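For reference, the structure discussed in these notes is given below.
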Amino acid sequence: MRFLQYIFSVVLAMCGVGISLRSEECLEAGYSIGREVQEKDLKALQEYIKTRRAIINQEKGENLSISGDIRGEWYNMHTKTDGKYQRGWKSRKLYPNSLTNRLAPPVSHKKYRQFSFQQRAEYREGRDEILPPFATNEFDVEANIVFDYASEHGWGTVRLQLIDDAGVVIPDNKVMRTDDRRIMYGSGVLDNLSLRKCFAGYNVWEEGVSRFDVEIGRRRLYDSFDSKVEFWSYFDSVLARFTTSYQGIMDLKVKAAAFVVDYTVNHYGYVGEVDLFDLFGRGIDLKYSLIDWNTLHRPNRFGCHHTLGTRFCNSQVLINYNLNPDVVGLKTCFYGAYLYNHAARATSWTYHMKAADAYYVGGRIGEAIRKGDYSVEIFYQWVKAQAVPEWDVSPSSRDSPRVISLYNRHSGGGANFRGLTVEGFYSLSDNWTLSAEYDLIREMQRRIGGPHRFYEFYFTAIFSF
């Protein structure tokens with residue numbers, strides 16, 4: 001236990017405060033002399049952290065909690081976009097069949113005749129590459145380890161997430177060569193470790209039922225803001241939060257944050273949300289959020305100005321109705337939301353139409369906490385092509401295994417869909433939980449990107465500790 005407490009102290013000090021200790025190998029890999037001088041200037045702060053680590057472990061143990069879960073997951077997915085299967089054996093020859101566009105694009109016969117002998121050979125080599133198909137069944141193993149520490153005026157959370165593809169672990173040759181066609185391949189992976197959460201908070205002010213807190217660090221946007229169609233990006237931010245209560249009227253929560261999008265070109269985003277809970281004791285919650293991604297007023301990494309992929313300033317209004325548990329005997333909630341992108345403009349990529357809004361409705365009954373508990377949630381969503389940033393859209397959306405942007409190909413992107421999601425949880429015991437989900441997705445506007453068909457069944461077994 002003392003060893004785990006020591007590890008937590010190190011992780012919190014490195015992640016919550018934001019110090020990055022660079023080794024000599026890093027310097028040899030290209031770090032500048034200026035960065036080396038900067039690290040020397042941090043020695044005083046590092047000595048302070050070492051002193052803080054010397055706090056008696058027994059004192060820390062009273063406020064430290066360690067939890068986690070182990071999961072086995074299975075995804076069954078079938079996708080067809082613009083008449084072409086995106087998964088299964090036929091997906092081997094799709095262009096591009098990788099994130100790096102390794103296959104040569106198709107060219108006309110006339111253009112091919114103009115190629116030199118060497119160009120023809122390189123083109124044929126690119127077109128003839130044999131790549132692994134995108135799977136219709138995916139299996140993975142996941143582990144989450146969570147460290148929570150709370151003191152009188154502060155708190156910190158670190159969650160380490162490890163998700164590895166299942167299968168025999170064999171060195172990956174990437175592009176499969178004809179000479180290797182007789183060997184055994186495996187889909188197993190060993191090194192998918194991520195810092196899922198790492199943030200620390202401080203209580204600036206508290207009086208009665210009111211308080212003001214500040215948090216800094218990493219998490220997902222949906223850990224702090226509420227939506228079924230957006231807020232799936234990572235959220236490296238400074239977050240301010242104010243909460244209070246007006247007896248008999250409502251509980252109020254106001255949150256605002258600035259976060260990093262791409263610091264190499266000084267691209268930062270801003271997000272805020274106002275939550276009104278249990279209005280007049282009627283079980284009604286009203287939430288309004290605004291997130292602005294359209295803040296890049298200089299060229300991006302490629303020197304492009306006003307890129308289409310950043311033109312998002314989204315407002316969302318969400319209403320929850322929490323039914324009295326005495327009515328059905330279970331915790332029950334119905335909800336609906338409308339979202340609009342104020343920065344959207346009609347472009348050639350959307351065939352000169354503005355496709356800026358999204359909405360969803362649904363409901364949830366039950367809550368899986370103890371043995372024998374269950375919950376079921378159903379919701380339907382409509383999301384147009386310009387409503388949500390491609391990398392921030394909910395996973396219950398279009399399936400695009402090649403990760404192609406709408407602004408590279410009309411049939412790409414993560415939005416422009418409508419679909420039904422059904423999700424259920426059942427607690428076998430206080431530690432074991434079973435979860436299943438079914439998604440049925442279609443295109444929202446066929447003219448943008450053509451027809452799209454995707455259905456997915458997801459099942460996972462979770463052991464929590």
(request) Please give, to one decimal in nm, the separation of the simple spin-label points placed at A150 and F334, each 7 Å out from Cα toward the Cβ. (result) 3.5
(request) List, in order, the whole-Hz ³J(HN,Hα) value for each residue of the range 155-169 obtained from phi through the Karplus relation with A = 6.51, B = -1.76, C = 1.60 and θ = phi - 60°; use x for Gly and Pro. (result) 7, x, 9, 10, 10, 9, 10, 10, 10, 10, 5, 7, x, 5, 8
(request) List the residues whose amide H sits under 5 Å from the amide H of V393, counting only those 5 or more places along or on another chain, with H placed 1.01 Å from N in the peptide plane. (result) none
(message) Just to verify a number: FRET efficiency for V204 and D82, C-beta to C-beta distance, R0 = 45 Å, to 0.05?
(response) 0.30
(message) Taking amide H atoms as placed 1.01 Å from N in the peptide plane, list the residues 5 or more away in sequence, or in a different chain, whose amide H sits under 5 Å from that of N294.
(response) F312
(request) Determine the sum of side-chain charges near L193: Lys and Arg each +1, Asp and Glu each -1, restricted to other residues whose C-beta is under 12 angstrom from that of L193. (result) -1
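Work out how much length L420 to A135 would gain on full extension: take 0.36 nm times their residue separation and subtract the Cα-Cα distance, in nm to one decimal.
Computed gain between L420 and A135 is 100.4 nm.
Arranged from highest to lowest average of other beta-carbon atoms within 10 Å per residue, in what order do the peptides 211-220, 411-420 appear?
Working: 211-220: 18.1, 411-420: 23.1.
Sorting 211-220, 411-420 by mean packing, highest first, produces 411-420, 211-220.
How much FRET efficiency would the formula 1/(1 + (r/R0)^6) give for H306 and R211, where r is the Cβ-Cβ distance and R0 is 30 Å, rounded to 0.05? Mind dumping the intermediate values first?
Working: r = 41 Å, r/R0 = 1.36.
Efficiency computed from Cβ-Cβ geometry: 0.15.
None of the figures in this text is laboratory data; all of them are computed from the coordinates on show. Bear in mind the structure is a predicted one, so any value in this text is a computation, not a measurement. Ideal geometry is used to build each Cβ from the backbone, glycine not excepted, and the neighbour counts take in all protein chains shown.
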